[in-house]
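Trainee: Please find one structure pasted underneath; my questions will follow.
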Amino acid sequence: MKKSIDALPLRNVVVDDPFWKRYVELVRGTVLPYQWDILNDRVEGAGPSCCIRNFRIAAGEIRGSFGGMVFQDSDVYKWIEAVAYSLCMCPDAKLEALADGAIDIICAAQQPDGYLNTYYIINGLEKRFTFLRDHHELYCLGHLFEAAVAYYRSTGKRKLLDAAIRFADCVCGIFGTGENQIPGYPGHEIIELALVKLYRLTGDKKYLRLAVFFIDRRGQEPLYFREETERYNRDFYWHDTYFRYQYYQAGKPVRAQTAAEGHAVRAVYLYSGMADVAAETNDEELLEVCCRLWDNITGKQMYITGAIGVGAHGESFTFDYDLPNDTVYGETCASIGLVFFAIRLFELTGDSKYTDVIERALYNGIISGISLNGTEFFYVNPLEADPEACEKDYGKRHVRPERQKWFDCACCPPNFARLVSSVGNYAYSQSADTFFVNLYIGGKIQADIDGAAVIFHVQTEYPWKDKVRISVEAKAPVGFSLAVRIPGWCEKHCLKLNGTAARYRIHRGYAYVSRVWESGDTVELTLDMPVAIVGADPRVKENVGKAAVMRGPIVYCLEQADNGTGLHRYFIDSRTAFESSFEPGFHGGTVVLRCRAKYLSGGGWEDGQLYRPGRSPEFEERAATWIPYYAWANRGPGEMLVWVHCRL
Ligand SMILES: [Zn+2]
């Protein structure tokens, strides 16, 4: 079951379209330099990160105590990984010099035996690996591996990779079921997928074996976390909740898990690692578990924006069809993790149901995480917001009506940077005889198909326009299949080859055009994208009698800046006609929708009356303006609403 589909080397993908180039450039030119300043505590109005300072203290360069969260090291690792991807797409000597400098600072803190975690170096190495449940040591290590692999692949520089390998070798000796070994696993997963990355780069099987160990030990009796909790007499915050050890996906063996539970980011990172291990060890059963968990998430626990993890208490999954819009957590990182999980399952199956979700999350619940100018971020991504409720309702205090400059727990901004900088890895894939177009991102892609160099030129103004042109450039004719994803939202498409109807077969949601291709051959795909009024399964209590508005992959919302207050009083119906217009000056250029809607009037209600016996509601007609959900909260705080009353 070895996976047959792979991403292309990132340097072979040049993103060049109006939509994504702006994000890629925003990350390179603004987000990464800004985040470097943050990591160095140089941004006014943003609390100190202490991240780089911790490494300097750990290296003995300066004196001081550890600052920030126990997992603060991971912020710079994610930043380096994002820089690595960005350098692949666009060389930038200044950014590379910053990353080289960061790597020098990190490596200076490494201990003689390879250990590298500033919290324990500063606070006492004798305590290391004694609090796997909550102290994120292995999580930070996972991010170190990811950064090291990415930076080596991007620049050829080994310094961070060598440091990572030294730490990995140290950890391989410490964990296991042998005498004097620790039979534990991380409280916050990611090292599993990171170990597989290290294995794929080095070919050293002990890294794969450790990933298998961490996955298979998880949740086995005697439960390591329970033993650790008792041995060190630690508090257990989740003791009196229904989660207990399932908060860490460790309440039962992973193969016995049937629904996504617990902390959402941890869950999807674990599942991604499980998919990697399944691929490398031909473990059909583990793949089945992954598919089952995927189906549970996307079929019962995912928002229309691709947000997951509804519960603010524990940043967690709750239960099937529990999808409230105004108290949702929907951490940006959780949707990013869902993309990681999705691409792995796609590469194992070639099924568009996974790449459909990548598109849903990417164009909605992930890019909503960043402001237009690239320096403010959402951690929580609600589908309904009211600034007064955020301020005065304790149950909604996690929801912010405006993006923040930074967070004490700053996982999301660097995670966003590393995903956007590597978006080419999700857009295109290839197998031995097929080139896959998963996302419609314009640019130039160089592929090696069976030894032949083939260049694909993709031209599109997606997601605003419905046409995608893919032309082939090759020195000599070459036979392969071009597989283009027909999005799940698209009810009518048209595929032409060199101007006439193409012959193709649909397999798992992809249209395969198979032939001997010659230079200049061009496929033109048209994806009809009328405005769609979308309903939710009636088991989702909050959305009964409501609808969301979508156009293509984009989820729309009403915002106070266009529509005034009281957005919950707007009603549309199934015959509502929408006008779409591209507005180049709005949020970097977006399609804005307009319609006539009914607005529940206050006519006849007196102040203080609050209730009265039934009387037909009175409506006034109003114009309603809809903007892409991801663009909300860029014009000051105000109400926002995705699911609107709808009379079908
Ligand atoms: Zn996060």
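Trainee: If the requirement is being more than 23 Å from the chain's Cα centre (by Cα) and either assigned to a helix (DSSP H, G or I) or within 25 Å of Ser65 (Cα to Cα) (or both), which of these qualifies: Tyr151, Tyr115? Talk me through it step by step, then tell me what you get.
Mentor: Details: Tyr151 fails: more than 23 Å from the chain's Cα centre (by Cα).
Of the residues listed, the single one that is more than 23 Å from the chain's Cα centre (by Cα) and either assigned to a helix (DSSP H, G or I) or within 25 Å of Ser65 (Cα to Cα) (or both) is Tyr115.
Trainee: Still on this structure, please answer the following. Can you tell me which residue in segment 562-575 is farthest from Asp326 (Cα to Cα), limited to those that are among the polar types (S, T, N, Q) and either in a helix (DSSP H, G or I) or at pLDDT below 95 (or both)?
Mentor: This residue is Ser574.
Trainee: Asn415 passes all but one of (1) crowded, with 22+ Cβ neighbours inside 10 Å; (2) assigned to a strand (DSSP E or B); which number fails?
Mentor: (2)
Here's the yes/no breakdown for (1) out of contact with any helix residue (DSSP H, G or I) (no Cβ under 7 Å at 6 or more places or on another chain); (2) loosely packed, with under 15 Cβ neighbours inside 10 Å:
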residue	(1), (2)
Phe582	yes, yes
Arg594	yes, no
Gly602	yes, yes
Trp605	yes, yes
Glu621	yes, yes
Ala624	no, no
Val644	yes, no
Leu648	yes, yes
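Trainee: Within segment 316-325, how many residues are assigned to a loop (DSSP other than H, G, I, E, B) and either within 21 Å of Ala7 (Cβ to Cβ) or within 16 Å of the ligand (Cβ to nearest atom) (or both)?
Mentor: To start, the set of residues in segment 316-325 that are assigned to a loop (DSSP other than H, G, I, E, B) comprises 317-325.
With either within 21 Å of Ala7 (Cβ to Cβ) or within 16 Å of the ligand (Cβ to nearest atom) (or both) added as a condition, the list becomes 317.
Adding up the residues that qualify gives 1.
Trainee: If I filter segment 326-369 down to residues being closer than 24 Å to Gly262 by Cα and part of a loop (DSSP other than H, G, I, E, B), which single residue comes out as farthest from the ligand (Cβ to nearest atom)?
Mentor: Asp326
Trainee: Identify all residues within segment 215-255 that are in contact with a His (Cβ under 9 Å, 6 or more places away or on another chain), surrounded by fewer than 17 Cβ atoms within 10 Å (Cβ to Cβ) and modelled with pLDDT of 95 or more; write none if there are none.
Mentor: Residues satisfying the conditions do not exist here.
Trainee: Among the numbered criteria (1) of a type in the set (Gly, Ala, Ser); (2) surrounded by fewer than 18 Cβ atoms within 10 Å (Cβ to Cβ); (3) over 20 Å from Arg158 (Cα atoms), which one does Ala58 miss?
Mentor: Among (1) of a type in the set (Gly, Ala, Ser); (2) surrounded by fewer than 18 Cβ atoms within 10 Å (Cβ to Cβ); (3) over 20 Å from Arg158 (Cα atoms), Ala58 violates only (2).
Trainee: Given the conditions (1) crowded, with 18+ Cβ neighbours inside 10 Å; (2) among the acidic types (Asp, Glu); (3) not in a helix (DSSP H, G or I), and given that Glu179 satisfies all but one, which numbered condition is not satisfied?
Mentor: For Glu179, the exception is condition (1).
Trainee: Looking at Val265, Val289, Val310 in this structure, which one is in contact with a Ser or Thr (Cβ under 6 Å, 6 or more places away or on another chain), on the phi < 0 side of the Ramachandran plot and touching a residue at least 12 places away in the same chain (Cβ under 8 Å)?
Mentor: Selected residue: Val310, the only one of Val265, Val289, Val310 that is in contact with a Ser or Thr (Cβ under 6 Å, 6 or more places away or on another chain), on the phi < 0 side of the Ramachandran plot and touching a residue at least 12 places away in the same chain (Cβ under 8 Å).
Trainee: A follow-up question, please. When you scan segment 436-460, how many residues do you find that are surrounded by fewer than 17 Cβ atoms within 10 Å (Cβ to Cβ) and either touching a Cys at 6+ places or on another chain (Cβ under 8 Å) or not in a strand (DSSP E or B) (or both)?
Mentor: So the answer is 2.
Trainee: Could you look through segment 398-410, keep only residues that are modelled with pLDDT under 90 and more than 22 Å from Leu372 (Cβ to Cβ), and pick out the one that is nearest to the ligand (Cβ to nearest atom)?
Mentor: Only one residue fits best here, namely Cys409.
Trainee: When you check Glu44 against the structure, is it among the acidic types (Asp, Glu), more than 28 Å from Tyr428 (Cα to Cα) and without any contact (Cβ under 8 Å) to a residue 60 or more places away in the chain, yes or no?
Mentor: Numbers: among the acidic types (Asp, Glu): yes; more than 28 Å from Tyr428 (Cα to Cα): yes; without any contact (Cβ under 8 Å) to a residue 60 or more places away in the chain: yes.
So Glu44 fits the description; yes.
Trainee: Moving on. Only one of these is assigned to a strand (DSSP E or B) and in contact with a Pro (Cβ under 9 Å, 6 or more places away or on another chain): Val516, Val468. Name it. Walk me through it before giving the result.
Mentor: Working: Val468 fails: in contact with a Pro (Cβ under 9 Å, 6 or more places away or on another chain).
Within the list Val516, Val468, the selection yields Val516.
Trainee: Residues to consider are Ala163, Ala108, Ala150; find the one that is modelled with pLDDT of 95 or more and crowded, with 24+ Cβ neighbours inside 10 Å.
Mentor: After applying the criteria, what remains is Ala150.
Trainee: Are any residues in segment 297-313 at pLDDT 95 or above and either over 11 Å from Pro382 (Cβ atoms) or not in a loop (DSSP other than H, G, I, E, B) (or both), and if so, which ones?
Mentor: Those that are at pLDDT 95 or above and either over 11 Å from Pro382 (Cβ atoms) or not in a loop (DSSP other than H, G, I, E, B) (or both): Ile297, Thr298, Gly299, Lys300, Gln301, Met302, Ile304, Gly306, Ile308, Gly309.
Trainee: Among the listed residues Leu482, Leu497, identify the single one that is under 30 Å from the mean Cα position of the chain (by Cα), hydrophobic (A, V, I, L, M, F, W, C) and modelled with pLDDT of 95 or more.
Mentor: The match here is Leu482.
Trainee: So, one more: Ala84: within 24 Å of His136 (Cα to Cα) and part of a loop (DSSP other than H, G, I, E, B), yes or no?
Mentor: no
Trainee: So which pairs qualify, if the first residue must be in segment 370-384 and over 18 Å from Ser316 (Cβ atoms) and within 16 Å of the ligand (Cβ to nearest atom), the second must be at pLDDT below 90 and of a type in the set (Phe, Trp, Tyr), the Cβ gap must be under 9 Å, and the two must be at least 6 apart or on different chains?
Mentor: Short answer, once both residue conditions are applied: Glu376/Trp406; Phe377/Trp406; Phe377/Phe407.
The values are calculated or read from the model by the stated rules, or taken from the named source; none is laboratory data. Because the structure is predicted, anything quoted here is derived from the model rather than measured. Every residue, glycine among them, receives a Cβ derived from its backbone with ideal geometry; neighbour counts consider all protein chains shown.
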